[in-house]
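The values are calculated or read from the model by the stated rules, or taken from the named source; none is laboratory data. Everything numeric in this text was worked out from a predicted model, so none of it was measured. Here the Cβ positions follow ideal geometry from the backbone for every residue, glycine too, while neighbour counts run over all protein chains shown. Heads up: the accessible areas ignore ligands, DNA and RNA and are worked out on the full protein's heavy atoms, side chains in. Shrake-Rupley method; radii C 1.70, N 1.55, O 1.52, S 1.80 Å.
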Amino acid sequence: VSTQSTGVFPRCWHPRMSDNRGPPLSHDVLKYYRQIKQLIDGGELGEEEQQALIANVYKDIDANKAHTKLAWHREGSMILEQVLNMSTPDQVHSFLSIFFNAASFAELCADRFSSHVIETSLALLFRLGLEEEKKGVKRAAGKAMLELLVLVCEKVGEVWGRLVIDAHGSHVLRTVLKAIKGLAPEVQATGAKRHSKGRRGPGVPKKLTPVAALRPIEDQFIADFESTSDWDLRELAYHAQGAPVLIEMLDMCKGDVAEKMIRGLFGLSTGEPDSALLYDSVGSHVADRAIECASDALLLKIHAELFRGKLKEHSLHGCANFTVQRVLSRVDHEGLAKGCLQELLPILEELLSRGRGGGVHKLLDLSLIHISEPTRLLSISYAVFCLKKKKKKDRK
């Protein structure tokens, strides 16, 4: 990552080198929790026996002050998630109140294993909090699930500049942003597959009504990103962990704040338009979302500065062609549509031969909506001609 950053995001932070973890779990303690897991997985316990077992686990955790020690450990973190998912609301609140007040909270968010525990905890708090609110459950001050959810989201908000570029912390940050927007993540799955390579995360979130108590935290996140320099925004856009967070924020921010961020990403605020983002395997995803979120007036500006006269070059590129498709899907008047057709129709055959069928599909959609019938029929006929020609070549 470039060293020319303004310093909002610390580049040399190594959370896993911290001494806040304390001594690791002993072999005997791990053996005990493995036995607990075997009993749970066995499925032979009755409801009362299971409740008694979970209660004993929490007594042992309290006695040994193992709230965070378990989370640091691969097996321990999975057992802890399993126990949390089987706990009563009171047990969840009691445990998490201590867990989230650990001095090593930022490191917990950025650890490979404990970050999963935090994501599962956020999902549980979100679900239990909404259930309490819906049922009208009244708890004593400091005991409500939503209050604890707000506390956790605030703590994540305080260290988001550290988490945003961390491989695991960024997942926690995105979970918080989704909760703020009313997207309820599924509880994390436990087991060996959870830490395997490949797709991870809580799955497709379910859209719910945003929690009113989280609105101040949303406002603070928006204010933080509004004050972030264009340079740092672009650095995030190219960063494998920062880019997904930036996409979440583009969705969250509205009006002038979103416009400012989008102008900064494309270099429009400085009068130096830059299309490099379109060609980056990570940055192109951010560019695509930015174009989707831009106002109609800003979209015209983006097209004029970054796409007009360059549609051929962009459309043939493996990454940039997706941003072209986004622009074509947003064109809403005939003049701009004709301009796009004039640039792209001559290379229709090349687009098909290069496997850019998505761009051709968007182009034909555009002609069906905005172009007069003679011109539309010509473009469709030409596309069919190119497709037939390509099929003949493939057969040979």
Subject >> Selection status of Ala103, outside any helix (DSSP H, G or I), farther than 27 Å from Gly42 by Cβ and in contact (Cβ under 8 Å) with a residue 12 or more places away in the chain >> reply: yes
**OP:** Report whether or not Met252 is closer than 15 Å to Ala290 by Cβ and modelled with pLDDT under 95.
**Re:** yes
Original post:
Quick check: anything in segment 130-138 in contact with a strand residue (DSSP E or B) (Cβ under 6 Å, 6 or more places away or on another chain), farther than 30 Å from Glu272 by Cα, among the basic types (Lys, Arg) and modelled with pLDDT under 90?
Top reply: no
**OP:** Test Cys386 against the stated conditions and say whether it is modelled with pLDDT of 80 or more and surrounded by 15 or more Cβ atoms within 10 Å (Cβ to Cβ).
**Re:** no
**OP:** Select, from Ser77, Ser26, the only residue that is closer than 17 Å to His116 by Cβ and open to solvent by less than 60 Å² (accessible area, probe 1.4 Å).
**Re:** Ser77
Subject >> Number of the condition not met by Asp166 [criteria: (1) of a type outside the set (Ser, Thr, Tyr); (2) in a helix (DSSP H, G or I); (3) open to solvent by less than 20 Å² (accessible area, probe 1.4 Å)] >> reply: (2)
**OP:** Residues being farther than 17 Å from Glu119 by Cα and exposed (fewer than 15 other Cβ atoms within 10 Å of the Cβ): count how many of those fall in segment 51-74.
**Re:** 9
Subject >> Among the residues listed as Leu124, Leu177, Leu173, Leu151, the single one being touching a helix residue (DSSP H, G or I) at 6+ places or on another chain (Cβ under 7 Å) and under 20 Å from Asp90 (Cβ atoms) >> reply: Leu124
Subject >> Residue among Ala52, Ala140 that is in a helix (DSSP H, G or I), over 14 Å from Tyr33 (Cα atoms), among the aliphatic types (A, V, I, L, M) and more than 27 Å from the chain's Cα centre (by Cα) >> reply: Ala52
Subject >> Scope segment 102-139; condition charged (D, E, K, R), open to solvent by 20 Å² or more (accessible area, probe 1.4 Å) and closer than 19 Å to Ile79 by Cα; matching residues >> reply: Arg112
Subject >> Residue tally, condition of a type in the set (A, V, I, L, M, F, W, C), assigned to a helix (DSSP H, G or I) and in contact with a Lys or Arg (Cβ under 7 Å, 6 or more places away or on another chain), over segment 245-276 >> reply: 5
**OP:** Considering only segment 150-166, state which residues are closer than 18 Å to Leu124 by Cβ and among the charged types (D, E, K, R).
**Re:** Glu154, Lys155
Original post:
Any residue in segment 291-303 that is β-branched (Val, Ile, Thr), within 25 Å of the chain's Cα centre (by Cα) and more than 27 Å from Ile222 (Cβ to Cβ)?
Top reply: no
Original post:
Hey, does segment 261-275 have a residue that's farther than 18 Å from Leu348 by Cα and touching a Gly at 6+ places or on another chain (Cβ under 8 Å)?
Top reply: yes
Original post:
Does Arg16 fit the bill of being at pLDDT below 90, under 24 Å from Leu122 (Cβ atoms), assigned to a loop (DSSP other than H, G, I, E, B) and open to solvent by 50 Å² or more (accessible area, probe 1.4 Å)?
Top reply: no
Original post:
Out of segment 277-307, which residues are surrounded by fewer than 16 Cβ atoms within 10 Å (Cβ to Cβ) and outside any helix (DSSP H, G or I)?
Top reply: Ser281, Ser295
